[in-house]
Amino acid sequence: MKKKAFILGLITIMALLADAGFAHEMGVKIIEKDSRFHLMIDGVDTYIKGVGGTNRLDMAAANGANAFRTWVAVLRTPDATLHAQRN
């Protein structure tokens, strides 16, 4: 009986928190707010700080970059995608 009451209590608390706006929204959206467009990633307003190329992505990430682009269809370094994901 105590276990059922505990589970019911947890479900109630989770429902209340979700209803209060604490639910985390997953995914990517572009929304208009205050006559401006905002990129929302997992519910967080995100500003893109990008760099060009695939060299020294560790340095770019250390300086605040959160995106990169290349100019070729196939990355010149085979592990560039894996390296970018780590940084």
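Charged neighbours of Gly43, selected by a Cβ distance under 10 Å, balance to -2 (K, R count +1; D, E count -1). One decimal place: the segment Asn55-Val28 gains 7.0 nm when fully extended, by the rule 0.36 nm per residue minus the C-alpha distance. Label separation (Arg36 vs Ala15): 3.9 nm, computed from points 7 Å beyond Cα along the C-beta direction.
Here, each number is a calculation from the coordinates, and none is a lab measurement. Keep in mind the model is a prediction, meaning the values are calculated, not measured. Heads up, the Cβs are rebuilt from the backbone with ideal geometry, glycines too, and the neighbour counts pull from every protein chain shown.
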